1. Going through the stretch A:1-29 one residue at a time, which ones are surrounded by 15 or more Cβ atoms within 10 Å (Cβ to Cβ) and within 21 Å of the chain's Cα centre (by Cα)?
2. Only residues that are of a type outside the set (D, E, K, R) and out of contact with any helix residue (DSSP H, G or I) (no Cβ under 9 Å at 6 or more places or on another chain): list them for the stretch B:70-113, please.
3. Is it the case that A:ALA233 is more than 12 Å from every other protein chain (Cβ to nearest Cβ) and in a helix (DSSP H, G or I)?
4. Can A:THR146 be described as assigned to a helix (DSSP H, G or I), among the hydroxyl-bearing types (Ser, Thr, Tyr) and buried (at least 20 other Cβ atoms within 10 Å of the Cβ)?
5. Within the stretch A:173-205, restricting attention to residues that are under 17 Å from A:VAL77 (Cα atoms) and free of Cβ contacts under 8 Å to residues at least 60 places away in the same chain, which residue is farthest from the other protein chains (Cβ to nearest Cβ)?
6. With A:ALA227, A:ALA220 as the choices, which residue is more than 26 Å from A:ALA53 (Cβ to Cβ) and away from chain B (no Cβ under 14 Å)?
7. Could you check the stretch A:5-32 and list, in sequence order, the residues that are assigned to a helix (DSSP H, G or I), under 20 Å from A:THR190 (Cα atoms) and among the hydrophobic types (A, V, I, L, M, F, W, C)?
8. Any idea which residue in the stretch A:46-71 is surrounded by the fewest Cβ atoms within 10 Å (Cβ to Cβ), counting only those that are touching a residue at least 12 places away in the same chain (Cβ under 8 Å) and farther than 30 Å from A:LEU175 by Cβ?
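The values are calculated or read from the model by the stated rules, or taken from the named source; none is laboratory data. Please read these numbers as outputs of a predicted model, since none were measured by experiment. Here Cβ is always computed from backbone atoms with ideal geometry, including for glycine, and neighbour counts include all displayed protein chains.
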Amino acid sequence: MFSLTDILGEAFGLILTWDRNLSEIVMLSLRVTLSAVVISCLIGLPLGAVVGAFRFPGRGLVTVLLNTLMGLPPVVVGLVVYLMLSASGPLGVLQLLYTPGAMIIAQTILVTPIVAALTKQVVEDLHGEYAEQFASLGVGAFDRITALLWDARYSLLTVALAGFGRAVAEVGAVLIVGGNINHVTRVMTTTIALETSKGNLELALALGLLLLSIAVIVNAAVMALRASAVRAAYA
Amino acid sequence: MIRRHFLSLAASILLALGLTGTAQAEDGFIVVQSTTSTQNSGLFDHILPIFTDKTGIEVRVVAVGTGQAIKNAANGDGDVLFVHAKPAEEKFVAQGHGLARSDVMYNDFVIVGPPADPAGVAGMSDVVAALGKIAEAEAPFASRGDDSGTNKAELRLWGAAGIDVRAASGDWYRETGSGMGATLNTGTAMGAYIMTDRATWIAFGNKGDYKVAVEGDAKMFNQYGIILVNPEMHKNVKAELGQTFIDWVLSDEGQSAIAGYKVDGQQLFFPNAG
């Protein structure tokens, strides 16, 4: 029914006729997603490291909880955030509903468990190697966490990218809390959903290819950063 | 050294995020809870820039099914409600969530079907009789099933035909539970009859070999109404800006902007305010 050349042609057409509208959508996608990933890392990295490095009562429960929350359904998160931010909800006074801020909140809730759970695993493995040394040197708790996070930084980049992947591809939650408002909260995934519902399937697929390309660029940039940091470290 | 490098990078990212967050502080906008048919047909893209140029008020449209739009507005998440399900709209006003309701425009529903026409309804104008034949033939029928304005109208017509579609749900009667466009995509792919508003159908880009089978019955009249969300019930409602928008939509200028929207030379909505 559809030929790949048609879709690729449409995708190239999009890039050639790149207009303000499209760059607005792409920039908002990146802004929302990267903000959510940065905030998730600020919460998830220390949280995951603490759970990974220390033994405490309820640690197993926290681990199960984090692993479960990795599978949070985006639509459910969208609904919960909507009910919180609605004018009739407890946080309605903030007037965040139908703004990019609401979308960042929803995606942060989705991404934080992923960052925390994966960080926990990375740090736990590393801690196995370091534990005796820490003990013999009498390293304090805070220094242990920072040392572990710092030494695991290259693996943690991949953790952040996993979170980025979840956020950038997500449509259910941002559709509900953002409202897919033109020029305000319309991002790549909600545009794809909208064009699909208009029956413009080639355009929707072309936008999908564009989204994929942007994800490739972000991943490549992070990997390049990592490679140059590794080189600098051993230079 | 490297650690400092990383920290300054993280700091600059945060700074950049913080700066972009302040871009939208102005208050000159309203939120309109509306339906997918007005959005997907392109009507808003046509009329809203005219209004914004004139008044400087930005209109942010949240396009969902009528059922969801009404619930969102009842939560106070919107200044204006612009939908098409008169009984539900009147209930919304009666419950105190909205002020007066005004007629804005109408179009009509049609039933589209596959060229094979398994129920033999092509060319009929009596919608109740046509639905009866579809049920009798047990020909696939794709329903929105999402409590939208179109879904409510469709269920009223099944009721008039005396057919209990719930009993056939999952069999020949298939509820997609999604928007008009998604239901058209699904329905055309499964060879089902689909009831759709004419505006969405004309603007729809994935018709395949489908054609309008049933049209022209007065029962398929589709009236759109506009309501200001009650500012006394919901304090955050921008009553003045919202009323400005409603007044404009109902004015000669707004009405002729609606009449002037055409796709492939066909007028999609017919203004009938006042």
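1. A:GLU24, A:ILE25, A:VAL26, A:LEU28, A:SER29
2. Selection gives B:VAL93, B:ALA94, B:GLY96, B:TYR106.
3. no
4. So A:THR146 fails the test.
5. Within the stretch A:173-205, the match that is farthest from the other protein chains (Cβ to nearest Cβ) is A:THR190.
6. Going through A:ALA227, A:ALA220 in turn, the sole match is A:ALA220.
7. A:ILE7, A:ALA11, A:LEU14, A:ILE15, A:LEU22, A:ILE25, A:VAL26, A:MET27, A:LEU28, A:LEU30, A:VAL32
8. Here the answer is A:PHE54.
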